[in-house]
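A quick write-up on the structure given underneath.
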Amino acid sequence: MKTHSTFHFQLFTIFSMLYALCPMLMLAEENLIKNGSFDEGTEYALHWERADGLTSFFEMEEGRGRIVKMDTQVERQQALEWNRKFKDDPTLKPPQKKPISKKSYGTIGGVEGVMLDSALIDVKPDQDYKLTVDFKGEGKPFVWIKGFLMHPRRKVLVDAYQTRLEPHSPSPTEWRTFSIGFNPTAKSPRITKMKVRLYSYWPNGLYYFDNVKVEEITKEEMSALVDKRTEVH
Ligand SMILES: [Ca+2]
């Protein structure tokens with residue numbers, strides 16, 4: 001009998017612990033973007049495109065671990081050439097940045113902009129999502145959600161949906177958190193994959209990103225976010 005009750009007590013303890021852990025486990029699984037904090041990985045952030053070391057950087061910041069920094073004040077030809085070389089061989093050493101004026105439109109920020117993509121994730125049909133990002137910088141970036149569908153004949157993923165988060169009141173020095181709600185399949189039901197694209201352009205300067213998160217939300221949370229978005233614009 002004694003053994004029996006001990007056994008029950010142990011079961012009870014195990015279930016209580018699991019129950020207490022449950023919200024933590026759910027929170028830990030909530031972010032659909034792999035390595036949204038950029039902290040996983042040794043030399044560079046796993047599950048993200050590689051930063052090229054001239055226009056985009058993985059840097060460490062106290063209290064945040066790894067973050068993404070973008071510099072859009074890089075002479076355009078130099079940035080484009082380096083980008084091509086780096087894609088062919090990411091072990092090459094980045095070149096010294098050529099001096100260029102803050103006001104010049106001959107920068108990468110004046111034309112193409114600087115971008116960095118997450119890995120692709122699955123899209124659920126008719127699911128509302130929330131995109132959140134921490135940001136500070138000298139201008140307003142865009143954080144895109146790019147959606148893709150499988151081309152029925154060519155069997156390749158085709159770009160077919162996009163929406164973007166544009167921080168309404170970013171600060172150059174203080175981290176702030178911004179969110180939007182979105183639903184990739186509301187108007188494009190065949191979308192099956194999506195990714196996040198961090199993007200900065202004008203004015204020329206420095207842009208910083210951290211804690212990129214995409215999570216599933218309820219219809220109620222979605223309406224609240226839509227209302228908030230309408231108020232801002
Ligand atoms: Ca981080």
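This model, with +1 at the C-beta of Lys and Arg and -1 at the C-beta of Asp and Glu, gives the chain a dipole about its Cα centre of some 760 debye. Gain on full extension, evaluated as 0.36 nm per residue between Q96 and Q127 minus their Cα-Cα distance, stands at 6.6 nm. Relative to the longest principal axis of the Cα atoms of the chain, helix 2-30 runs at roughly 20 degrees. Given a 10 angstrom Cα cut-off, can you work out which residue in E62, E75, E215 is the most mobile in a GNM of the chain? Fluctuation is largest for E62.
Grab the Cα-Cα distance for R153 and E166, subtract it from 0.36 nm times how many residues apart they are, and report the gain in nm with one decimal. Present the calculation step by step, with values, prior to reporting the outcome.
Working: separation 13, 0.36 × 13 = 4.68 nm, distance 3.51 nm.
Contour length minus the Cα-Cα distance gives 1.2 nm.
Charge tally around T192: other residues with Cβ under 14 Å, Lys/Arg +1 each, Asp/Glu -1 each, net +3.
About its Cα centre, region 99-233 has a charge dipole of approximately 600 debye under the convention of +1 per Lys or Arg Cβ and -1 per Asp or Glu Cβ, with nothing else charged. Taking 7 Å steps out from each Cα toward its Cβ at D88 and L46 produces label points 3.1 nm apart. Among N83, N204, N31, the largest mean-square fluctuation in a Gaussian network model of the chain, built with springs joining Cα atoms closer than 10 Å, belongs to N83.
D for the chain, whole µm²/s, Stokes-Einstein with Kirkwood Rh over alpha-carbon pairs at 4 °C and 1.567 mPa s: what number?
65 µm²/s
Taken together, the values in this text are just the output of simple stated rules run on the coordinates, not laboratory data. Small disclaimer: the values here were computed from a predicted structure and weren't measured. In this analysis, Cβ positions are derived from the backbone assuming ideal geometry, glycine residues included, and neighbour counts consider all displayed protein chains.
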